[in-house]
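What follows is one structure encoded as structure tokens, with my remarks underneath.
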Amino acid sequence: MTKYLAPALVVLTITACGRSRSESETTIATPTTSTATTSSAPSASDAPGGVTMSPIVPVAGASGTSSGPPSCPRTGKWALCSLEKRLEQSGFVVHPVEGATPRRAGFSVAPAAYTLGKSRLEVFLYPDKTAAARDVERLDTLSVAPRGTTANWPVAPTFVRSANLVAVFLTESQQQGERLGLALTAGPPQP
């Protein structure tokens with residue numbers, strides 16, 4: 001009975017997986033069945049039931065060397081392009097705020113502002129994590145204002161720090177705040 005079970009599972013797997021493949025996938029692994037065996041010893045790539053996996057083949061045009069715009073540099077530091085990509089990968093719909101964003105007390109750099117649904121995100125990018133640490137050292141991170149002063153945020157801010165990035169997320173949703181925190185504290189793209 002087991003000699004019929006393995007081929008049946010292979011056929012079911014191929015049928016089920018064949019319908020879910022999309023053109024955007026970057027690699028394809030194709031299982032094949034062998035009807036004749038030339039040697040009595042199974043090779044390392046043979047699975048039970050005579051199933052052999054063919055090598056993974058990159059899909060044409062899926063490599064990072066396309067003729068499109070250059071990708072964001074992976075320097076180990078945050079950049080606006082890597083931030084936007086991470087937010088999109090985390091399920092946020094990212095819209096940059098038009099016009100100049102006012103400077104905030106306690107921050108030595110001007111913020112970049114985004115709307116994420118009904119929430120607002122202000123991001124402060126520093127040249128390195130030491131510069132970010134200097135500003136954070138002088139801040140009350142609960143109110144996100146210089147120590148001894150009051151903040152004028154429209155809602156209670158969520159403060160996130162990761163390497164050379166400091167983010168202030170203004171949202172009514174605690175779940176969205178946690179999601180943003182997890183996306184950013186995973187760290188910047190590494191070289």
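Would you tally the residues in segment 143-186 being of a type in the set (A, V, I, L, M, F, W, C) and closer than 21 Å to residue 131 by Cα?
The number of residues fulfilling the criteria is 12.
Does residue 139 satisfy the condition of being without any contact (Cβ under 8 Å) to a residue 60 or more places away in the chain, more than 28 Å from residue 73 (Cα to Cα), aliphatic (A, V, I, L, M) and surrounded by 15 or more Cβ atoms within 10 Å (Cβ to Cβ)?
It is true that residue 139 is without any contact (Cβ under 8 Å) to a residue 60 or more places away in the chain, more than 28 Å from residue 73 (Cα to Cα), aliphatic (A, V, I, L, M) and surrounded by 15 or more Cβ atoms within 10 Å (Cβ to Cβ).
When you go through 115, 130, 185, 171 one by one, which is the residue that is hydroxyl-bearing (Ser, Thr, Tyr) and more than 22 Å from the chain's Cα centre (by Cα)?
Working: 115 fails: more than 22 Å from the chain's Cα centre (by Cα); 185 fails: more than 22 Å from the chain's Cα centre (by Cα); 171 fails: more than 22 Å from the chain's Cα centre (by Cα).
One residue alone meets the criteria, 130.
For residue 118, only one of the following conditions fails: (1) within 24 Å of residue 95 (Cα to Cα); (2) crowded, with 20+ Cβ neighbours inside 10 Å. What is its number?
(2)
Hey, can you tell me all the residues within segment 71-105 that are surrounded by 16 or more Cβ atoms within 10 Å (Cβ to Cβ) and charged (D, E, K, R)?
Result: 77, 84, 86, 104.
Take residue 124 and decide whether it is hydrophobic (A, V, I, L, M, F, W, C) and either assigned to a strand (DSSP E or B) or in contact (Cβ under 8 Å) with a residue 60 or more places away in the chain (or both).
Details: hydrophobic (A, V, I, L, M, F, W, C): yes; either assigned to a strand (DSSP E or B) or in contact (Cβ under 8 Å) with a residue 60 or more places away in the chain (or both): yes.
It is true that residue 124 is hydrophobic (A, V, I, L, M, F, W, C) and either assigned to a strand (DSSP E or B) or in contact (Cβ under 8 Å) with a residue 60 or more places away in the chain (or both).
Can you tell me which residue is surrounded by the most Cβ atoms within 10 Å (Cβ to Cβ) among those in segment 145-175 that are hydrophobic (A, V, I, L, M, F, W, C) and free of Cβ contacts under 8 Å to residues at least 40 places away in the same chain?
Within segment 145-175, the first condition is being hydrophobic (A, V, I, L, M, F, W, C), and the residues that meet it are 145, 151, 153, 155-156, 159-160, 163, 165-170.
Those left that are additionally free of Cβ contacts under 8 Å to residues at least 40 places away in the same chain: 151, 153, 155-156, 159-160.
Working: 151: 17, 153: 15, 155: 11, 156: 14, 159: 17, 160: 20.
Of everything passing the filter in segment 145-175, 160 is surrounded by the most Cβ atoms within 10 Å (Cβ to Cβ).
We did not get these values from a lab; they are worked out from the coordinates using the rules stated. These numbers were taken from a predicted model, which means no experiment stands behind them. Because the Cβ atoms are built from the backbone with ideal geometry, glycine has one as well, and the counts that use them run over all protein chains shown.
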